[in-house]
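The values are calculated or read from the model by the stated rules, or taken from the named source; none is laboratory data. A quick note: this is a predicted structure, and the numbers were derived from the prediction, not measured. Heads up, the Cβs are rebuilt from the backbone with ideal geometry, glycines too, and the neighbour counts pull from every protein chain shown.
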Amino acid sequence: MIVELGHFALILAFLLACIQGVVPLVGAHKGWRGWMAVGEPAATAQVLLLAYAFGALTYAFVTSDFSLRLVTLNSHTDKPMLYKITGVWGNHEGSMLLWCLTLALFGAMAAWFGGNIPDRLRARVLGVQGLVGVAFLAFLIFTSNPFQRLVNPPFNGDDLNPLLQDPGLAFHPPSLYLGYVGLSLTFSFAVAALLEGRVDAAWGRWVRPWTLFAWVWLSIGIALGSWWAYYELGWGGFWFWDPVENASFMPWLISVALLHSAIVVEKREALKSWTILLAILAFGFVMIGAFIVRSGVLTSVHAFANDPERGKLLLWITAVFMGGALTLFAFRADRLTSNSVFQPVSREAALIANNVLLSVATFVVFIGTIWPLIAEAFSGEKLSVGPPFFNIAFTPFMVALAVILPIGAFLPWKRAKLDRALSFTWPVLALAIACGALVWAVQTGTTALGPIGALLAMWLVVGSALDLWQRTGRGSVQNRLGRLTRMPRADWGKAVAHAGFGITIFGIAALTAWTTEDIRVAQIGETWRVNQYEVTLDNVERVRGPNYISTMAHLTVVENGRSIGTLTPEKRIYPVAGMPTTEAAIDNGFTRDVYLVIGDPQGNGGWTVRTFIKPYANWIWAGVIVMSIGGFLSLTDRRFRVAAGARKAARPVPAE
Amino acid sequence: MKHIALILLLLASPLWAVEPHEMLDDPILEARAQALDDELRCVRCRSESIAFSQADWAADARVLVRELLTEGKSDQEVLDFFVARYGEFVLMRPPAKGGNLVLWLSAPALLLVGLGISVAYLRQRRQPPPAPEALSPEDAKRLRELTKD
C-alpha cells in the first residue's frame, strides 16, 4: 500500500509540475498576480509528494519487498542496512527519482527563500524550473518507473553491485546530484532573466549563492567518487578521464567559470550576456552528462544503465531545453547591454582571462569525451581517447590558471597598475620559485612535475594568504589582525578556495611524480623493503562477511624500525552478484599513504602483493575539501542576505 | 556447481595491472613497457588501458609488448605493431594527423579566438559605449537636413 501511494504521489508530482511549468509563466507574461502566485504552493507540494515517493521506495528497499522489480534487481536480504538504503539510488531508476526529488527541492527552496526576488522574476524562475521537472518526471515515469511490480516475486534479490557497497560511493550520488541539479536553478534564473529582458547586479547577487551551493556539492561529490576510485579499484589512481568522470567534471569546470563571471555581473554589471550563456551551458553539460551516463553510447567502466532508447529521450530533452534557451538567448542577448567601463588591466580583465581558460578547458574535456563518436560518424573508424590525451591537452590550462590567479586576485576593479600588483606578489613568486628549486634539488628523480607542482602550490597558497593580509590595510599588526577577523566571509572564502586549488595541484603533482611501487610474489613470512618501509606478509586467511567471502592478508609495515601496524588488504567475492572486488589497505599519512593490495595465490604457495608508497595522496582530496570550505564561507557571507534585503525596499520594476 | 564456479572465480579473480611473472628483469626495459601499457587500449574492455585491465586480452597484450621490446623494437615500432593489427582504436592517444588534427587543434584554436574576442571586448570597454539615444553621424546629418528650416 505504501509503495502504491508512492507511485501515485510520483504521478501527482508530475501533474503538479505541468501546472507549475505553465501557469506562473503565463501569469508573468500577462501580469496576472493570481496565476503568478501558483508557482510557490506548486513547488512546495511537488517536493512533499516526491519526498513521499522517495520514502516509499526506501521503505520497499529496507523491508526487502521483492515484488518491486527494482528491489529484486538491486537488493538482497543479507545486505547490510546501510547499503539497503543507499541501494535506493545505486541504480538507474532510483537515482533518477533522487534526481527529480532534488530538482523539486531546488524549486521549492527558490520559492521559500526567494522572498526578496521580484514577483514576476520569481514566477518565471519557478515556471522554468517546473518545465525542467516535467521533462525529467516524464522520463522517469514513462521509461524508468521505479515502482514497477513483478507478477511472481522471487524469494530473494540479485544484490547490489558490490563495487557500490561502499561508504564513499554510497554518498557520492546524492552530493553529486545536489550539484548537478543545483545548476538547473541557475539555468532557470538565466531563462527567466531572458524572458524579463533584463539582467542587473541584483540578478547576479541572487544567482551567485545558488551557483556556489551547486558547485560546493559538485566538488564534494566528485571528490568522493575520486577517493572511492583511489582506494577501491586497487591501483591507487584517482582520476581516469573516463567518460562518466568527464560528465561530472565538465559542469564543475563551467560552474567555476560561471561563479567568477557572476561576480563581474554583481559588482560591475558587465559580462551579462556571457554569464547568461554560461548558466545555460552549465546545465547543458549536466544534461549531456546524464545522457552519457545513462545511454551507454560511450563505453565506460562505470556502466550504469545502457539503454539507447532512454538515451534518445534524454538527448531530446537536452536538445529541447538547450535549443529553446539558446534561441531565446539569440533574440534577447542584445538587450543585455552594459555601460560599465574598465581598463585592460583590472580585476574584470583578470576574471575574463579566468573565464576564457576555464571555458576552453571545459571544451577540451568535452571534445575529448565525444571525439570517438564524432570520428566514428565521419570516418566510420573507431577511436579511443584516453588519459594520455587529456593529460597533455588539459593540464596546460590549469597551469596557466594557477599562474595568473594570485596576480588577478590582487588587481582592483576598473583600473589597476600591473607593477603595483607585481610589487605585492614578487616576494611570493620568489618564495615559490625557491620552493620549486628546493624540491628539484631534494627529489631523487629528474621529473619536472613535482617541482612545478610545489612551485604552483606555494604561489597559490601564500599568494592567497598575502591577498587577505593586504586587504587589512595599514596600521599596526594588532589592528590588522583584528581587521582580518572582521573581514567579510566572502573574502575569506575566496582566499581559502584559491589556497585549496593550490593544495590539490600539489597533491596531484606529487602523487603522479613520486609514487613508488613494488610488485612481487611473496611467501608467507617474507619481508621486503620499499623506500624506508619494511613490509612483512604474516599470513593470509579466508574470512566470511555478511554477504561476501574474503581473502584477507595480514601485513606488518615497519617504517625506519618503528612499527606502523598491521594492514589487511582483501579480495572479496560477492557470491550473489558473482563479482569480485579488491579492498586495498591504506595507512593514511600526512606526507604519504602506504597502499597495499593482495593479489592471486601463486603456484609456489606465494601471493602477489603490490606495495605502493603514494606521497601526499591525501592532499588531493584535502585541497578539494578546503575549496568547498571556501565555498561554504562565501555562502555564509552576510552580504548575500543584507544587501538582498535592502533590494527588497527598492524593488526594481521589471522592464516590459 | 555453484561451489565450483566460486572456486574458479577465486582462483581467477582479477588483479589490476601487470603481474610479477609478466615483468621483465631489466628495470629500464620494464619501465618502457609500463609506459607503453598506458598508451595501449584493451580492445576487449570498456575504455581501459592494458596497464589497468584485468582481462586476459590485456595480459596477453602486456606480454606481447615485453616480447617486442626484448626483441629490440623501439617504442614507436611496438605501437605500430598494435595499430597494424587492431587499427587506431588500440591507441589511447589518437595520433595528431588526418582528421584527428581537429581533436588536437580545436582547443588551441578556440583559445586564440577567445583571447581575440576578449581583447576586442576589453578595448571597447575602455570608453563608455555611446548612449542608445545618440544618433549616428549620418542620422544626425539627415536630421539636421530635415529640420533645416
Practice prompt. Give segment A:32-52 a look and list any residue that's out of contact with any Asp or Glu (no Cβ under 9 Å at 6 or more places or on another chain) and among the aliphatic types (A, V, I, L, M), or say none.
Written response: A:Val38, A:Ala42, A:Ala43, A:Ala45, A:Val47, A:Leu48, A:Leu49, A:Leu50, A:Ala51
Fill in: Subset tally (residues that are assigned to a helix (DSSP H, G or I), more than 7 Å from chain A (Cβ to nearest Cβ), farther than 16 Å from B:Trp57 by Cα and under 15 Å from the mean Cα position of the chain (by Cα)) for segment B:82-103
3
Worksheet item: Of all the residues that make up segment A:330-353, how many are surrounded by 20 or more Cβ atoms within 10 Å (Cβ to Cβ) and not aliphatic (A, V, I, L, M)?
Response: 4
Item to complete: Kindly check whether there is at least one residue in segment A:464-474 that is in contact (Cβ under 8 Å) with a residue 60 or more places away in the chain, part of a loop (DSSP other than H, G, I, E, B) and either touching a Lys or Arg at 6+ places or on another chain (Cβ under 6 Å) or under 30 Å from B:Glu22 (Cα atoms) (or both).
Response: no
Item to complete: Filter segment A:412-453 for residues that are outside any helix (DSSP H, G or I), in contact (Cβ under 8 Å) with a residue 24 or more places away in the chain and closer than 25 Å to A:Thr395 by Cβ and give the result.
Response: A:Gln443, A:Gly445, A:Thr447
Discussion item. With the requirement that a residue be under 22 Å from A:Leu281 (Cβ atoms) and in contact (Cβ under 8 Å) with a residue 12 or more places away in the chain, what does segment A:373-395 give you?
Written reply: A:Leu373, A:Val385, A:Phe390, A:Ala393, A:Phe394
Item to complete: Looking at (1) of a type outside the set (Gly, Ala, Ser); (2) more than 19 Å from A:Val624 (Cα to Cα); (3) away from chain B (no Cβ under 14 Å), find the lone condition where A:Thr516 falls short.
Response: (3)
Practice prompt. Would you check if A:Arg149 is of a type in the set (Lys, Arg) and at pLDDT 90 or above?
Written response: no
Worksheet item: Only one residue in A:Gly606, A:Gly565 is away from chain B (no Cβ under 14 Å) and small (Gly, Ala, Ser), so which one is that?
Response: A:Gly565
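Please go through segment B:18-64 and give me each residue that is among the charged types (D, E, K, R), more than 25 Å from B:Gly87 (Cβ to Cβ) and either facing chain A (nearest Cβ under 9 Å) or part of a loop (DSSP other than H, G, I, E, B) (or both), ordered by number. Working first, answer last.
Initially, segment B:18-64 is screened for residues among the charged types (D, E, K, R), giving B:19, B:22, B:25-26, B:30, B:32, B:37-39, B:41, B:44, B:46, B:48, B:56, B:60, B:62.
Next, from what is left, pick out any that are more than 25 Å from B:Gly87 (Cβ to Cβ): B:19, B:25-26, B:30.
Scanning segment B:18-64 gives B:Glu19, B:Asp25, B:Asp26.
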Worksheet item: within 10 Å of another protein chain (Cβ to nearest Cβ), among the acidic types (Asp, Glu) and part of a helix (DSSP H, G or I), is that true of A:Glu381?
Response: no
Worksheet item: So, in segment A:231-267, of the ones that are in a helix (DSSP H, G or I) and facing chain B (nearest Cβ under 10 Å), which residue ends up farthest from A:Phe213 (Cα to Cα)?
Response: A:Pro243
Item to complete: Considering (1) under 32 Å from the mean Cα position of the chain (by Cα); (2) under 30 Å from A:Arg268 (Cα atoms), say which one A:Ser423 fails and leave the rest.
Response: (1)
Item to complete: Hey, could you check segment A:355-378 for residues that are more than 7 Å from chain B (Cβ to nearest Cβ) and either of a type in the set (A, V, I, L, M) or touching a Cys at 6+ places or on another chain (Cβ under 7 Å) (or both) and say which is surrounded by the fewest Cβ atoms within 10 Å (Cβ to Cβ)?
Response: A:Ala377
Item to complete: Please specify each residue of segment A:531-548 satisfying the condition of being within 14 Å of chain B (Cβ to nearest Cβ), closer than 17 Å to A:Ala585 by Cα and either crowded, with 16+ Cβ neighbours inside 10 Å or in contact with a Gly (Cβ under 9 Å, 6 or more places away or on another chain) (or both).
Response: A:Leu537, A:Val540
Response to the item:
By residue number, the members of segment A:602-622 that are at pLDDT 90 or above, small (Gly, Ala, Ser) and out of contact with any strand residue (DSSP E or B) (no Cβ under 7 Å at 6 or more places or on another chain) are A:Ala622
